[in-house]
Every structure is written in structure tokens, then in C-alpha cells.
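Just so it is clear, none of the values below were taken in a lab; they were calculated from the coordinates. All values derive from a computational prediction rather than experimental measurement. In this analysis, Cβ positions are derived from the backbone assuming ideal geometry, glycine residues included, and neighbour counts consider all displayed protein chains.
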Amino acid sequence: MNDTLLTALALIPALVFAIVFHEVAHGFVAKLLGDPTASEQRRLSLNPLRHVDPIGTVVLPGMLALTGAPVFGWAKPVPVNKWRLRNPRFGMMAVAAAGPGSNLVLAAIGAVILGLIARTVTAPPEAALSFGLASLQFFILVNIFLALFNLLPIPPFDGSHIVEGLLPRAAAEQYNRLRPFGFLLLIVLLLVVPLLFPQLGSVQRVVLPPVEWLSGLYMQLAGAVAGR
């Protein structure tokens, strides 16, 4: 089977699960902090059909994976009503941080499982097991990338809600005015700028170094579990 297709088969399920878990984490923390909106709309479910956005969760990531571009995507946002939170300012920061935090936890679980499998396998793995190990590595990488990517301080990413909560109220109001233009800004930074000015390497220089550094730490965790 074509290597690119195998990569897509490993990446897309990992991305769908990571995105769905990310969104559910937002809704779960919101409920803990007083806002049951997601629960009322039956969005606190790991059923991907409740969260999948056909374009953002399937089509776009698949196309990016097949073309070798950085893979990202999105799901239908879990509804959060900040005014139902007991402390709206702190609550929105905590709800925003829950998504990336959940992905870092998933990456750690993936690293532990990878280490346990490596600990028990002594002979060279067969094709199916090799694909499973590669899928686990993709799962770890996807969750790290999704966590760090969402911490970028660009609306509507989670990082923008954290920054907004940390800013003084007057500055936060000014910053919040960027929110309607966030998606356009994202397209410009991630697609237009790299296309017109590939020498800048915006994604490679901003996103990839911390992803590679954190990936190394998770691989060390997997190695420690494997006893190596």
C-alpha cells in the first residue's frame, strides 16, 4: 500500500480522536465550573458524530496529510456560556486550557502504551504491529501538535482566551476585537504567508521547534517505560 495512504490512515483517526477529546474536555471543565450548556446539548460525548465537522475534521486534515503539509483541523466547538460560569474571567481561562491539557495527557498515555509494547516485543514486529506502533507515534505527535497549536494567542484558539484572561480588562477588550478576524488571520499566517514567502518558514520556526522538543520528552517517557 502507498506510504502516503498509510500515513493518512494512521493520522486521521488519531486526529479525530484527539480533536473530539479536546472538545469534550472544554465542556467537562465548563460543567465543573458552573456552565452545563454542553451537557444540556448532549455534547459531553466521545461519539465523534456529535463533534465532527466534515471539512475541519476529515477533508482538510486528509488533504494536508496526503500533500505532506502540516496537519491541523477542528471540530464543532463545544458550546460554552461564559456568563453561566461561577467566575467568568477565570472560568474561560480554565475551560480554554482544558483542551490542550487533555491532549498532553493523551500523548502521555500513548507514550506509556508505546513503551509497554516495546518492552514486551523482542522479535522484529510484523507488518500489522509495525503499523500499530507507527500509529501510536502519530497519535502522540498529533496530540502534542494540537495542544501547542491551540495555545497560539490567535483567536479563536484556546491561547487567545488564556491571554484575554491575563490581560487588564481594558486591554482585554481591545484584544477581543480581533476575534471576528481570527480565522482570516489564521489562513493568512498558515497558508498565504508560507505560499508567498516560503523562505520565512513561519510554521517551521514558530510551531515545530517546541513540538519536536516536547516529542523528545514523550519519547524519553516511552523509553523509560520500555526499560531502555
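Summary table
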{"read-out": "Which of LEU15, SER102, VAL192, positive extreme of dipole for the stretch 3-226 (C-beta unit charges)", "value": "SER102"}
{"read-out": "Full-extension gain in nm, ARG84 to ASP53, via 0.36 nm per residue minus C-alpha separation", "value": "8.6 nm"}
{"read-out": "Span-rule helices in the chain, defined as complete DSSP H runs reaching 20 Å or more along the axis (Cα) with Kyte mean at least -0.5", "value": "3-32, 88-120, 127-150, 208-226"}
{"read-out": "Label-to-label distance, nm, for residues given as GLN220 and ARG42 (7 Å Cα→Cβ offset)", "value": "4.6"}
{"read-out": "FRET efficiency for VAL206 and PHE17, using Cβ-Cβ distance with R0 set to 25 Å, rounded to 0.05", "value": "0.45"}
{"read-out": "Dipole in debye (nearest 20) - the chain, about Cα centre, beta carbon charges: Lys, Arg +1; Asp, Glu -1", "value": "640"}
{"read-out": "Three-way shape label, the chain, alpha-carbon gyration tensor, a/c 1.5", "value": "prolate"}
{"read-out": "For the stretch 87-228, with +1 on Lys and Arg beta carbons and -1 on Asp and Glu, the positive-most of ILE140, LEU114, VAL211 along the dipole", "value": "VAL211"}
{"read-out": "Efficiency of FRET from Cβ geometry, VAL105 and LYS76, R₀ 22 Å, rounded to 0.05", "value": "0.50"}
{"read-out": "Sum of -39500 (n - 2.57) over DSSP H runs of 4+, divided by residues of the chain (222 nm, nearest 500)", "value": "-21000 deg cm²/dmol"}
